[in-house]
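The values are calculated or read from the model by the stated rules, or taken from the named source; none is laboratory data. Keep in mind that what you see is a predicted model, and the values were worked out from it rather than measured. Glycine gets a Cβ as well: all are built from the backbone with ideal geometry, and neighbour counts include every protein chain shown.
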Amino acid sequence: MTSLTPAKIERLRTLLRTLPGPVADRLTLAAGEGDPLLARLLSFCRLDPEEAARTRFFAPLAPLSGDPADTRPSLAYAPPAVLEALWRWIDETLDREAAETARRAAARFETSESGELDCLRVRVAERILAELDRLDEDPKAEKRLRQFLGVRDFKAVRDIAVILRAAPVLRRALDGLPSAIEEISDAVSADLRDRYERAAEEDPDAGAWFLYFVMARLTKPWRILRTFERIGKRGDDLLLSRTDMAGIGDALLLDAEHHLSGFEKSPASPAEARAAAAALAEFATVTVGMTREIGIRKDGAWGQKLVALRTRAAAQMERIHARARKVFDPVLAPPRAGRAARLNPVPASGMAEFEEAVALALFLKATAADASRAAVGGAHQELLNDLKTELDELGGHLLRQLRDEDGEHAEAARTRLEDVARLLTALGETDSANILLRRTAAAKAA
C-alpha cells in the first residue's frame, strides 16, 4: 500500500467522491476495524488535499472543533470556519513553511498523528498570539484582520492558539485515557488528578484545557464536577485552580443555555418536535446533573444562573402549552354537518394546522418526564390529560355520527376518526387509538 502512486491515490479519491456519504463512512469504519493503515488511506482520500493538510495541522483541536450552529459550546471552542480562515492566514503570510510541512505530512497517510508537527504548531501559536497583542495598539490593523478572519472578536482565535501552543503537553496528559469515559470512580479521579497536576506544572494553560478535553470524553459532561469535589483539595492544598473550576462551570452553563434555545419556539413538524424534545431532555440532564454533583447553592453565581435558565425554560414551555391549546381548539371542534361543516372546515391530516397539532402532541408526550425540571410539570400533565379526554370525547361523538349518518357525512366522520386516532397515537395513547379504529371499522361495516 505504501507504493501507491499519486495517480492511483487520485483515482481512489475520485471513486470515493462518487459514493454517498453514509456509504463512504461505513467503508472507512469497516476498514478501521481490520486495517488501521487502510482506514487512514481512505480517510485521506476522502478529503481534498488542502483540507487534509489543514485537518492534520489542527488535529489536536479536533475534539473541540464542532460547528457552533449544531454543537454545544463546550465542544465548539475551535469552530471550523475560524480554522479555515486561520489556515489561509498561516498559508498566505503567517508561516508558509508550516503550511507546506503540513501538506507533506498529510500526504504520508502511512503515519498517524504523533506530534511530528508540534514544534510548528507551537511556533504558529506564538506568532498568532504575538500578532494579537500587537493589534491592541493598531485598531486599523485589528479591523483588517477581523474582516480577513470573519470574526467579531479574537476570543476563538486566541483559544485556538493557546491550545496549539499547549499541544505537546496536552498530548502527554491525555495519552492512555479512554476515548469515552462512562463514570468517574475514585481510581479515575486519582488518575485525572495526577494528569492535571503534571500538565498544569508544565503549562498552566495546558492544565486548564486538559479539563475541557476530559469533559469532551465524558458521556455525562457534568460529571467533571465530581472530579472537582474529589480532587479539589488534598489536605490544605488546592489542587484545581479556582479559575479552571469556574471556567468548566461556566462552560456547562453555556451548554445548558444552548440546549434551552433548542425548544425556544413551538414545533410545527414531527422533526422539529423530536429536536425540541431532545433539547429539553439535554437541558434537564445538564442542569439537574450539575445540582446533584456538587449541590449548587441558589445564592451562588452558578445557582443564580441556573435559576435564571430554569425560569426561561418555564416561560418557553408555557408558551408552547398556550400554542398547543390554540392549535388543538379547531381540531377538537364538535362534529358538524351540512352548511356548518362547509363554512367551518376542521383541520385534517395533511393540512399545516393539523400537522402542527401532531407535532405538538409528539412533543408533549416526549417531554412529559422532563417538564417538571423546567418547573411546569403540573401544567404539562394537566394539558396532556385535557387533550386525551377531549380526543376521547370527540371520538365518541364521531362514532355516533358515523352510525347515524350515511354518504358524504359518514365518510367525513370516518376520516376525522382516523385523524383523532393519529393524534391519540402521537400522545402515546396507542391502545385507545387502536380501539377507536376497530370501532370505526365495525361502525362502517354495520
Exercise for the section: Looking only at region 203-215, decide whether some residue is more than 24 Å from LEU252 (Cα to Cα), surrounded by 12 or more Cβ atoms within 10 Å (Cβ to Cβ), touching a residue at least 24 places away in the same chain (Cβ under 8 Å) and over 30 Å from the mean Cα position of the chain (by Cα). Expected result: no
Handout entry: From ALA30, ALA62, residue being among the hydrophobic types (A, V, I, L, M, F, W, C), at pLDDT 95 or above and exposed (fewer than 15 other Cβ atoms within 10 Å of the Cβ)
Key = ALA62
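For every residue, the table says whether it meets (1) crowded, with 18+ Cβ neighbours inside 10 Å; (2) over 27 Å from LEU280 (Cα atoms); (3) among the hydroxyl-bearing types (Ser, Thr, Tyr).
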site	(1), (2), (3)
LEU364	yes, no, no
THR367	yes, no, yes
HIS380	yes, no, no
LEU398	yes, yes, no
ASP406	no, yes, no
HIS409	no, yes, no
ALA413	yes, yes, no
Practice task
Identify, by number, the condition in (1) modelled with pLDDT of 95 or more; (2) surrounded by fewer than 15 Cβ atoms within 10 Å (Cβ to Cβ); (3) not acidic (Asp, Glu) that ALA308 doesn't meet.
Solution key: (1)
Problem - Positions within region 182-195 being buried (at least 19 other Cβ atoms within 10 Å of the Cβ) and among the aliphatic types (A, V, I, L, M), in sequence order - result: ILE184, VAL188, LEU192
Exercise for the section: Residue by residue through region 237-251, note down the ones that are surrounded by fewer than 16 Cβ atoms within 10 Å (Cβ to Cβ) and either in the same structural domain as VAL162 (by TED's automatic domain parsing) or at pLDDT 75 or above (or both). Expected result: ALA246, GLY247, ASP250
Problem - Residue count for region 280-294, restricted to those that are of a type outside the set (Val, Ile, Thr) and either touching a Cys at 6+ places or on another chain (Cβ under 9 Å) or surrounded by fewer than 19 Cβ atoms within 10 Å (Cβ to Cβ) (or both) - result: 3
Practice task
Kindly establish whether GLU84 is of a type in the set (D, E, K, R), in a helix (DSSP H, G or I) and over 22 Å from LEU16 (Cβ atoms).
Solution key: no
Exercise for the section: Kindly indicate whether ARG198 is within 24 Å of GLU51 (Cα to Cα) and surrounded by 12 or more Cβ atoms within 10 Å (Cβ to Cβ). Expected result: no
Exercise for the section: Within region 134-154, track down each residue that is exposed (fewer than 11 other Cβ atoms within 10 Å of the Cβ) and of a type in the set (D, E, K, R). Expected result: ASP136, GLU137, LYS140, ARG152, ASP153
